[in-house]
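These notes concern the structure reproduced below.
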Amino acid sequence: MTDREAILGAIQDRPSEPVRANPAFNPQPGDLREQFRTNLEKLGGRLIDQAEFETHLTRGTWADPASGQVSTAKGVWEAEVGISVALAAVASTGSLILANTPGTYRLSSLAPPTSIVIVDASAIHAGLAEAFDNLPSDTVVFVTGTSRTADIEGVMVRGVHGPGVLLVFVRDP
Amino acid sequence: MSSRVEDYASHLNQETIDSVRGASALKVTSRQVALKAVFVDADEARANAAEIKNYVLDNLSKLLLELEANCEKNGIQVHWAKDAAAANRIILDLCRKASPEGGTIAKAKSMATEEIHLNKHLEEAGYQPVETDLGEFVVQIDGDTPSHIVTPIIHKNRRQIAESFKREGLGEYSEVPEILAMQAREYLRQKFKDAKIGISGVNFGIAATGRLVLVENEGNSRLSTTAPPIHIALMGIEKILPEERDLALFIPLLAGSATGQTVTSYTHLISGPRNNNLDGPEEVHLVLLDNGRTRVLNGRYREILRCIRCGACMNVCPVYRQSSGHAYGHVYGGPIGAVLVPAMEGVEKFGDLAKASSLCGACEEVCPVKIPLPDMLLKLRDDAYRAKLNKDGIPWGPFAFGATHPGAWRMGLKMLPMASKLPHPLKKGWTESREAPGREGRDFRRWWHDRS
């Protein structure tokens with residue numbers, strides 16, 4: 001008998017109707033863009049405008065091809081700044097949703113100490129329920145604030161393995 | 001038989017007690033604040049989560065087959081392990097195939113790998129598994145074990161960590177948490193680049209889409225599952241959720257209960273190996289682990305399998321706070337460990353853990369999936385008693401006779417003044433350092449009878 005058979009054989013299902021997740025979330029003040037900004041800032045992130053975004057492009061950055069700005073002078077591990085394009089954002093949590101679509105890196109938002117993420121203003125979901133209902137089939141990561149740890153005496157430290165600086169450029173159409 | 005937890009706690013130093021107690025108390029407060037801010041009614045959310053997990057347990061074989069089929073569709077190779085030995089063998093075979101000459105393995109934090117003592121097996125086979133979560137890394141270089149399922153070094157302070165880092169040559173001695181974290185970042189960066197294999201656990205396996213969900217704050221889990229050419233994930237068979245929509249409930253419940261966050265920094269939904277991407281693993285393997293879980297499923301502690309490993313029950317437990325997770329003698333400590341461990345591994349070996357509780361009920365109050373932990377602890381005490389484990393040396397038989405026979409009881413009370421003059425083995429512990437108190441005042445029964 002294989003382990004698969006042994007495990008499945010030891011389980012007797014009691015068939016029942018699926019239960020739907022229906023969490024009720026507290027409303028937050030402001031429009032979606034305002035909520036996103038507030039929550040992002042609480043977690044150590046910051047919004048930047050187009051002018052500031054462009055200064056980073058000239059700083060020997062490393063960019064994700066999807067942003068249309070590729071500079072591979074430095075590898076993704078050595079770059080100071082990584083630029084990624086988010087599929088969407090979540091207002092109620094300040095999260096950015098990055099999809100690993102063909103031709104993109106997973107590490108561009110993770111390995112460099114500064115992460116810059118571009119997101120379209122029209123792609124901000126209200127909450128997590130809408131976000132999870134609209135995911136693509138690619139590998140996806142929700143980035144919510146900077147990398148952080150509180151393993152040492154509960155003291156919060158940013159940028160332990162991932163980026164300690166998170167800058168977001170909300171692009172208007 | 002006294003409980004191993006009691007024995008351990010009685011020898012614990014004050015520094016450790018202070019570390020554990022302080023950090024636990026902080027997390028209890030931040031949990032309350034986070035859940036209250038997120039949910040209109042956190043209790044309703046917990047009840048909803050409990051129902052979904054009950055559905056999972058009631059339909060587990062169906063959901064496992066669905067998960068397997070969808071993972072395979074995504075290019076994730078699925079393996080089944082009935083026990084720890086099988087899981088270690090499967091993982092080791094995969095490592096030997098990927099890197100026969102040994103080498104570095106980047107490990108993300110995973111209680112399931114702790115449960116099967118994977119690192120020991122990998123090391124014996126010539127591999128260097130490196131724990132990359134900051135806390136787990138400290139545990140590993142110190143040859144220690146995690147004392148909490150979410151915050152593994154809750155029992156250590158910054159001075160102890162600084163000394164370990166200096167000893168291991170990570171940098172100059174510093175008690176500044178930022179500097180210590182950067183020393184670890186620097187050291188572990190190279191390990192991620194060197195690693196031939198990445199190993200992680202799984203927080204939720206989504207049956208409907210075949211995706212593996214991992215939550216974390218540091219980024220080490222993403223690095224471990226992205227940088228090496230092979231990713232192996234180990235998942236307990238109960239950690240399934242039916243669909244992705246369930247995450248909108250479970251992610252904030254887990255983050256709030258575990259660390260007082262709304263969402264952790266990274267919520268990773270892994271769809272499989274790289275797919276015309278510029279990085280990511282070429283192979284992804286999922287190992288489904290039973291190791292006693294089907295036994296629990298078919299027994300009276302079934303509901304413990306709803307657990308999502310947040311550690312809130314540990315933080316709030318007065319016994320855990322006073323004794324630290326190591327006292328429980330297993331990777332799972334606190335109230336969850338006191339039930340899960342004897343349920344999985346047998347009451348004969350771990351039945352005494354159920355005594356490590358004041359039955360105050362705080363654990364059930366905070367559990368995000370409403371596991372009736374105090375009820376289960378009582379049932380376990382009963383099981384342990386029936387297995388003739390909890391013998392405390394007190395002859396309860398005569399007491400039971402007296403308590404159920406009022407005549408004998410009254411007779412006994414009349415004789416008590418005389419009996420208390422007699423030597424008795426039970427009195428010895430008390431009278432070694434103090435005088436036994438004498439009888440004072442009037443007889444209660446006489447007073448009650450005469451009072452009108």
Problem set entry | Subset of region B:43-67 that is over 15 Å from A:Ser16 (Cβ atoms) and free of Cβ contacts under 8 Å to residues at least 60 places away in the same chain - its residue that is surrounded by the fewest Cβ atoms within 10 Å (Cβ to Cβ) | B:Asp43
Exercise. Just to be sure, is A:Ile116 open to solvent by less than 30 Å² (accessible area, probe 1.4 Å), in contact with a Pro (Cβ under 6 Å, 6 or more places away or on another chain) and either within 20 Å of A:Lys42 (Cβ to Cβ) or not in a strand (DSSP E or B) (or both)?
Worked result: no
For this session: Give A:Ala86, A:Ala91, A:Ala66 a once-over and let me know the one that is within 13 Å of chain B (Cβ to nearest Cβ), at pLDDT 90 or above and on the phi < 0 side of the Ramachandran plot.
Result: A:Ala91
For this session: Could you please let me know if B:Arg410 is open to solvent by less than 40 Å² (accessible area, probe 1.4 Å) and among the basic types (Lys, Arg)?
Result: no
Exercise. Part of a helix (DSSP H, G or I) and modelled with pLDDT of 75 or more - does that describe any residue in region B:436-444?
Worked result: yes
For this session: Would you confirm whether any residue within region B:201-218 is among the hydroxyl-bearing types (Ser, Thr, Tyr) and assigned to a helix (DSSP H, G or I)?
Result: no
For this session: Scan region B:126-145 and report the pairs whose first residue is away from chain A (no Cβ under 12 Å) and under 12 Å from B:Gln160 (Cβ atoms) and whose second residue is part of a helix (DSSP H, G or I) and open to solvent by less than 10 Å² (accessible area, probe 1.4 Å), with Cβ atoms within less than 7 Å and a gap of 6+ or a chain change.
Result: B:Ile141/B:Ser164; B:Asp142/B:Ser164
For this session: Only one of these is modelled with pLDDT under 90 and out of contact with any Pro (no Cβ under 8 Å at 6 or more places or on another chain): B:Lys370, B:Lys391, B:Lys379. Name it.
Result: B:Lys391
Exercise. Does region B:190-197 contain any residue that is within 9 Å of chain A (Cβ to nearest Cβ) and open to solvent by 10 Å² or more (accessible area, probe 1.4 Å)?
Worked result: yes
Exercise. Pairs under 6 Å by beta carbon, first residue at the interface with chain B (Cβ under 8 Å from one of its Cβ atoms) in region A:19-48, partner of a type in the set (Phe, Trp, Tyr), six or more apart or different chains?
Worked result: A:Val19/B:Tyr55
For this session: Considering (1) more than 7 Å from chain A (Cβ to nearest Cβ); (2) among the aliphatic types (A, V, I, L, M); (3) surrounded by fewer than 24 Cβ atoms within 10 Å (Cβ to Cβ), say which one B:Leu212 fails and leave the rest.
Result: (3)
Exercise. What is the residue count in region B:78-123 for residues that are open to solvent by 20 Å² or more (accessible area, probe 1.4 Å), of a type in the set (D, E, K, R) and either part of a helix (DSSP H, G or I) or under 23 Å from B:Leu65 (Cα atoms) (or both)?
Worked result: 9
Problem set entry | Selection count where residues are touching a Phe, Trp or Tyr at 6+ places or on another chain (Cβ under 8 Å), open to solvent by less than 10 Å² (accessible area, probe 1.4 Å) and within 9 Å of chain A (Cβ to nearest Cβ), scope region B:223-240 | 1
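Please specify each residue of region B:161-178 satisfying the condition of being in a helix (DSSP H, G or I) and either open to solvent by less than 10 Å² (accessible area, probe 1.4 Å) or more than 9 Å from every other protein chain (Cβ to nearest Cβ) (or both).
B:Ile161, B:Ala162, B:Glu163, B:Ser164, B:Phe165, B:Lys166, B:Arg167, B:Pro177 - these are the residues of region B:161-178 that are in a helix (DSSP H, G or I) and either open to solvent by less than 10 Å² (accessible area, probe 1.4 Å) or more than 9 Å from every other protein chain (Cβ to nearest Cβ) (or both).
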Seminar exercise, completed: When B:Cys313 is run through (1) farther than 14 Å from B:Leu373 by Cα; (2) open to solvent by 10 Å² or more (accessible area, probe 1.4 Å); (3) among the hydrophobic types (A, V, I, L, M, F, W, C), the failure sits at (1)
Problem set entry | Qualifying residues in region B:55-96 (those that are facing another protein chain (nearest Cβ under 9 Å) and of a type in the set (Lys, Arg)) - the one farthest from B:Glu115 (Cα to Cα) | B:Lys62
Seminar exercise, completed: Counting only residues in region A:147-173 that are in contact with a Pro (Cβ under 9 Å, 6 or more places away or on another chain), more than 7 Å from chain B (Cβ to nearest Cβ) and open to solvent by less than 10 Å² (accessible area, probe 1.4 Å), the one modelled with the highest pLDDT is identified as A:Pro163
For this session: Looking at (1) at pLDDT below 95; (2) surrounded by 23 or more Cβ atoms within 10 Å (Cβ to Cβ), find the lone condition where B:Gly260 falls short.
Result: (2)
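Looking at this structure, is B:Glu186 within 11 Å of chain A (Cβ to nearest Cβ), closer than 21 Å to B:Ile308 by Cβ, among the acidic types (Asp, Glu) and open to solvent by 10 Å² or more (accessible area, probe 1.4 Å)?
no
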For this session: Would you confirm whether any residue within region B:334-350 is crowded, with 21+ Cβ neighbours inside 10 Å and in a loop (DSSP other than H, G, I, E, B)?
Result: no
Problem set entry | Residue that is touching a residue at least 12 places away in the same chain (Cβ under 8 Å), of a type in the set (Phe, Trp, Tyr) and either surrounded by fewer than 24 Cβ atoms within 10 Å (Cβ to Cβ) or more than 10 Å from every other protein chain (Cβ to nearest Cβ) (or both), where the choices are B:Phe204, B:Phe250 | B:Phe204
Seminar exercise, completed: Going through region B:17-51 in order, the residues found to be β-branched (Val, Ile, Thr) and more than 10 Å from chain A (Cβ to nearest Cβ) are B:Ile17, B:Val20, B:Val28, B:Thr29, B:Val33
For this session: For region B:276-297, indicate whether the set of residues that are modelled with pLDDT of 95 or more, in contact with a helix residue (DSSP H, G or I) (Cβ under 7 Å, 6 or more places away or on another chain) and polar (S, T, N, Q) is non-empty.
Result: yes
Exercise. Considering region A:119-143 alone, what residues qualify as being within 9 Å of chain B (Cβ to nearest Cβ) and not in a loop (DSSP other than H, G, I, E, B)?
Worked result: A:Leu128, A:Ala129, A:Glu130, A:Ala131, A:Phe132, A:Asp133, A:Val140, A:Val141, A:Phe142, A:Val143
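Looking only at helices (runs of 4 or more DSSP H) that fall completely inside region B:252-325, which ones have 2 or more residues that are of a type in the set (A, V, I, L, M) and farther than 30 Å from B:Ser19 by Cα?
B:293-297
The values are calculated or read from the model by the stated rules, or taken from the named source; none is laboratory data. Given the structure is predicted, the values throughout are model-derived calculations rather than measurements. Every residue, glycine among them, receives a Cβ derived from its backbone with ideal geometry; neighbour counts consider all protein chains shown. Accessible surface is based on the protein model in full, side chains and every heavy atom, while ligands, DNA and RNA are left aside. Shrake-Rupley method; radii C 1.70, N 1.55, O 1.52, S 1.80 Å.
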